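Where a number appears in this text, it was derived from the coordinates with a stated rule and is not lab data. Keep in mind that this is a model prediction, so the values were computed, not measured. Glycine gets a Cβ as well: all are built from the backbone with ideal geometry, and neighbour counts include every protein chain shown.
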Amino acid sequence: MSLSPTPLTPLLYSYLLSNSVREPSLFKELRDESSQDKHSDMQISPDQGQFLSFLIRLIGAKKCIEIGVYMGYSSLWIATSIPNDGKLIACDINAEWSKTALRYWERAGVAPKVTLQLQPASQMLNGLLCDESNHNSFDFAFIDADKIGYESYYEDCLKLIRPNGGLLVFDNTLWFGNPARPEIQDESTEAIRKFNTKLHHDPRIDLAMLSIGDGLTLARKKDTDISPKKR
Ligand code: SAH
Ligand code: CA
C-alpha cells in the first residue's frame with residue numbers, strides 16, 4: 001500500500017472519464033450550453049455527477065435537498081436518480097440561471113419531482129426547520145452554494161436528514177488546493193478550512209473526504225437522534 005496517490009494527470013483523467021462515465025446526451029447538452037458562461041467551473045464534473053447518482057441509488061434516497069443549482073447540471077443527476085415519487089427541493093438565489101435549470105428538468109421529464117426555491121439557502125432551510133415533520137425526514141442533501149454558508153447549511157441539514165444513513169455531500173471542499181496553503185486567507189478559503197476541521201472532529205457523522213473534482217466531502221449522519229427536543 002502506498003501513501004502517494006496516483007497523480008491524476010490530464011491524460012489519466014481523460015482515461016477515467018472515457019472508461020467510466022455514462023452521461024446522458026441531454027446532460028452533455030446542458031454542459032455545452034453552460035460552458036458559454038464564465039461561471040461554469042462552479043458546476044460539478046460528469047464523474048462527480050455520476051458518483052452522486054451512485055450514492056443516491058445506493059442509499060435508496062427519495063427526499064433530497066440541493067443548495068446551489070446554477071443551471072441545473074447536478075440537479076439533473078440527482079432528480080433522475082430518485083424514484084418517480086421522490087422529491088428534490090432545489091434552492092438558488094439566481095433567477096436567470098434557474099431558468100436554464102427549469103428548461104432541462106422539463107426536457108429530462110423530472111420537473112414534477114423538483115421544487116425550485118428561489119431564496120437564500122438560510123431562509124429556505126429555516127422554513128423547512130419550522131415544520132417539525134421535516135426533521136430527520138430527508139435522505140440526501142447536496143450543498144454547493146456560497147462557501148461562507150457551508151457551516152450553517154451543515155448544521156441545518158444535519159437536523160433535516162434522517163439518522164442512520166442520511167447523507168450530506170459538500171462540493172469544493174478542496175477549494176482549488178487553497179486550504180492547504182496557509183498564506184491564502186481570503187474569506188472563502190478560511191470558511192472551507194474551518195468547515196473541514198469542524199467535520200473532521202464531529203462525532204455526529206461518519207466522514208469521507210474525496211479528491212474527486214474540486215474535493216467532495218461525504219458526511220453520513222449516525223444513528224443518534226440529534227434533534228434538540230429529543231436530547
Ligand atoms: N450545483 C451546481 C453548481 C452550483 S454553483 C452544479 O454543479 O451544477 C453555486 C450556486 O450557488 C450559484 O448558482 C449561486 O447562485 C448559488 N448561491 C450562492 N449563494 C447562495 C445562497 N446564499 N443561497 C442559495 N444559493 C446560493
Ligand atoms: Ca461546485
Could you give the dipole magnitude of the chain about its Cα centre, charging the beta-carbon of Lys and Arg +1 and that of Asp and Glu -1, in debye to the nearest 20? 760 debye
As a test, work out the antiparallel percent of DSSP beta bridges whose residues both lie in the chain, rounded to the nearest 5. 35 percent
Show me the trypsin sites (Lys or Arg not before Pro) within region 1-95 that DSSP assigns to loop and that have at most 14 other Cβ atoms within 10 Å of their Cβ. Arg22, Lys38
Note down the magnitude of the dipole of region 76-141 about its Cα centre, charges +1 on Lys and Arg C-beta and -1 on Asp and Glu C-beta and zero elsewhere, to the nearest 20 debye. 280 debye
Could you work out the local net charge near Lys221, counting Lys and Arg as +1, Asp and Glu as -1, over the other residues with Cβ closer than 9 Å to its Cβ? +2
In whole percent, the Cα-Cα distances of region 113-223 spread across 5 Å bins from 0 upward as 2, 12, 22, 23, 20, 13, 6, 2, 0
Percent breakdown of C-alpha pair distances by 5 Å bin, ordered from the shortest bin, for region 54-138: 3, 15, 26, 24, 19, 11, 2
Tell me the relative contact order for the chain as a rounded percent, counting alpha carbon contacts under 8 Å between residues six or more apart. 16 percent
In whole Å, largest first, the alpha carbons of region 1-64 cover along the principal axes 39, 34, 21
Which entries in the list Lys99/Lys222; Lys28/Lys99; Lys147/Lys221 go over 26 Å, if you measure between the two C-alpha atoms of each? Lys99/Lys222
Per the Kirkwood formula on distinct C-alpha pairs, the Rh of region 99-151 is how many angstrom? 13.2 Å
Once you order the gyration tensor axes a ≥ b ≥ c over the Cα atoms, which shape class does the chain get: rounded for a/c under 1.5, otherwise prolate or oblate by comparing a/b with b/c? rounded
